[in-house]
Amino acid sequence: MSKTQVNFKQAAATIAAIGMTNTILLQGAPGVGKSSLLDELSRRMPDYLPCYIDVANLDLGDLAMPVVDKDTMTTSYAPNARFGVAKGQNRPVLLMLDELGKAGRSVMNMLLPVILEHRLGDVKLPAGSIVFATTNLASDGVGDNIPPHAYNRMTVMDFRNPTADEWLEWAATSSVAPEVAAFAKQFPQIFERYDSEGTDKNAYIFNPGKGRVREFCSPRSLAKASNIIKARSALGAALIPALSGTVGEAAARDLEAMVHLADQVPSFEAVVASPKTVKLPETASGYFLMAFMLAGRGDAKTFPAVMEYLDRWSETSFEGRALFVQSVCANQAQLSKALSSKGFTAMAKEMGKLLS
């Protein structure tokens with residue numbers, strides 16, 4: 001992992017810290033969470049007005065339109081409201097220029113003052129506004145092209161792919177199917193980037209040099225795969241084609257195996273009903289799967305039974321127990337429920353995962 005790259009949290013912190021003076025341009029592979037930064041920053045900075053601009057879909061008329069002053073017989077440009085500069089709107093703007101590299105040349109020229117001076121035409125963004133942008137890597141081959149003089153107006157940062165643990169922390173709060181979470185835990189190579197050393201034979205990931213540019217694993221496509229897994233009872237034989245068309249055939253086959261495993265491990269209801277006698281998983285994958293399932297579904301009423309069941313894992317899967325605690329602690333809503341269980345607090349303290 002290169003020291004010149006930033007992850008999601010580092011990118012958000014950088015934008016919040018210097019975005020009022022420097023426009024940050026984040027370059028990264030497809031589907032790795034760049035566009036999610038606006039939501040994260042909006043949560044951190046509620047006093048700002050979030051404005052999302054899909055630059056790839058802009059034409060000149062989408063930025064501003066001429067207004068005629070009949071008294072002076074002159075025209076001025078009225079900026080599009082999507083930039084947060086409506087008359088009387090004085091909140092600082094949190095402006096995201098998504099897919100900046102796909103801007104047409106005339107649109108790019110109009111956006112350059114926004115990037116450098118926080119000005120659209122003659123209209124300044126409200127004081128304290130923040131502008132940041134995203135684009136794909138030039139080597140992705142998806143049409144991104146930013147001229148040198150535009151680059152020089154920005155602070156350019158390499159936005160790396162999340163690690164498996166970073167993505168799983170997000171998954172714990174996003175209702176991701178436990179089968180997909182367990183797959184991510186077992187196959188962390190799905191988060192590798194094609195320009196990293198030793199990824200030539202990685203059949204899961206986006207790789208323009210190998211022609212894998214349509215169906216591949218990314219944080220975005222894994223979230224889509226989760227929706228498919230949840231609907232598997234309705235899909236029947238269409239499950240594998242749907243997964244293949246989302247994350248690629250190699251990942252689809254591994255996810256199919258995880259689905260079959262899910263049908264073999266105890267259900268959440270069985271664990272709650274008989275925590276002392278219900279069967280234990282038989283494989284490491286089974287423990288991973290159950291850790292995510294139990295962490296996501298437990299509540300104040302059922303956590304005591306869940307912890308009773310997990311106590312039986314102490315001699316068979318310490319890693320499974322740790323994964324359960326990590327998943328609960330990553331989800332503030334679940335953590336507040338789990339803290340009512342003495343068994344959970346004891347296990348969390350034992351593993352050093354619960355802060356005093």
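The values are calculated or read from the model by the stated rules, or taken from the named source; none is laboratory data. Values in this document were obtained by computation on a predicted structure and should not be read as measured data. Note that each Cβ is placed from the backbone with ideal geometry, even for glycine, and that neighbours are counted across all protein chains shown.
Numbers below:
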{"item": "Per-region count, the stretch 310-320, residues within 30 Å of the chain's Cα centre (by Cα) and surrounded by fewer than 20 Cβ atoms within 10 Å (Cβ to Cβ)", "result": "2"}
{"item": "Test: residue in the stretch 209-221 that is assigned to a helix (DSSP H, G or I), modelled with pLDDT under 95 and not β-branched (Val, Ile, Thr)", "result": "yes"}
{"item": "Qualifying position, being crowded, with 16+ Cβ neighbours inside 10 Å and small (Gly, Ala, Ser), among SER233, SER226", "result": "SER226"}
{"item": "Test for GLU249: is it farther than 23 Å from ARG220 by Cα and touching a residue at least 12 places away in the same chain (Cβ under 8 Å)", "result": "no"}
{"item": "The listed residue being of a type in the set (A, V, I, L, M), in the same structural domain as GLY28 (by TED's automatic domain parsing) and surrounded by fewer than 20 Cβ atoms within 10 Å (Cβ to Cβ), out of LEU95, LEU112, LEU120, LEU125", "result": "LEU112"}
{"item": "Out of LEU255, LEU323, LEU239, sole residue that is under 19 Å from VAL176 (Cα atoms), of a type in the set (A, V, I, L, M, F, W, C) and in contact with a Leu (Cβ under 7 Å, 6 or more places away or on another chain)", "result": "LEU255"}
{"item": "The stretch 34-62, residues that are of a type in the set (A, V, I, L, M, F, W, C), under 14 Å from MET96 (Cα atoms) and in a helix (DSSP H, G or I)", "result": "LEU37, LEU38, LEU41, VAL55, ALA56"}
{"item": "Residues being within 19 Å of SER174 (Cβ to Cβ) and free of Cβ contacts under 8 Å to residues at least 60 places away in the same chain - total across the stretch 10-37", "result": "2"}
{"item": "Criterion violated by PRO30 - all others in (1) under 17 Å from the mean Cα position of the chain (by Cα); (2) under 20 Å from GLY121 (Cα atoms) satisfied", "result": "(2)"}
{"item": "Of all residues making up the stretch 238-266, the number that are surrounded by fewer than 14 Cβ atoms within 10 Å (Cβ to Cβ) and part of a loop (DSSP other than H, G, I, E, B)", "result": "2"}
{"item": "The stretch 210-241, residues that are touching an Asp or Glu at 6+ places or on another chain (Cβ under 9 Å), free of Cβ contacts under 8 Å to residues at least 24 places away in the same chain and not hydrophobic (A, V, I, L, M, F, W, C)", "result": "LYS210"}
{"item": "Complete set of residues in the stretch 73-102 that are modelled with pLDDT of 95 or more, under 15 Å from ASP54 (Cα atoms) and among the aliphatic types (A, V, I, L, M)", "result": "LEU94, LEU95, MET96, LEU97, LEU100"}
{"item": "Every residue from the stretch 267-277 that is buried (at least 17 other Cβ atoms within 10 Å of the Cβ) and outside any helix (DSSP H, G or I)", "result": "PRO275"}
{"item": "Qualifying residue in the stretch 56-72 (condition: surrounded by 20 or more Cβ atoms within 10 Å (Cβ to Cβ), out of contact with any Gly (no Cβ under 9 Å at 6 or more places or on another chain) and touching a residue at least 24 places away in the same chain (Cβ under 8 Å))", "result": "no"}
{"item": "Selection count where residues are touching a helix residue (DSSP H, G or I) at 6+ places or on another chain (Cβ under 6 Å) and either aliphatic (A, V, I, L, M) or outside any helix (DSSP H, G or I) (or both), scope the stretch 223-234", "result": "3"}
{"item": "Yes/no for VAL247 being under 19 Å from PHE183 (Cα atoms), in contact with a Cys (Cβ under 7 Å, 6 or more places away or on another chain) and in the same structural domain as ALA171 (by TED's automatic domain parsing)", "result": "yes"}
{"item": "Odd one out for LEU37 among (1) at pLDDT 95 or above; (2) exposed (fewer than 15 other Cβ atoms within 10 Å of the Cβ); (3) in contact with a Phe, Trp or Tyr (Cβ under 8 Å, 6 or more places away or on another chain)", "result": "(2)"}
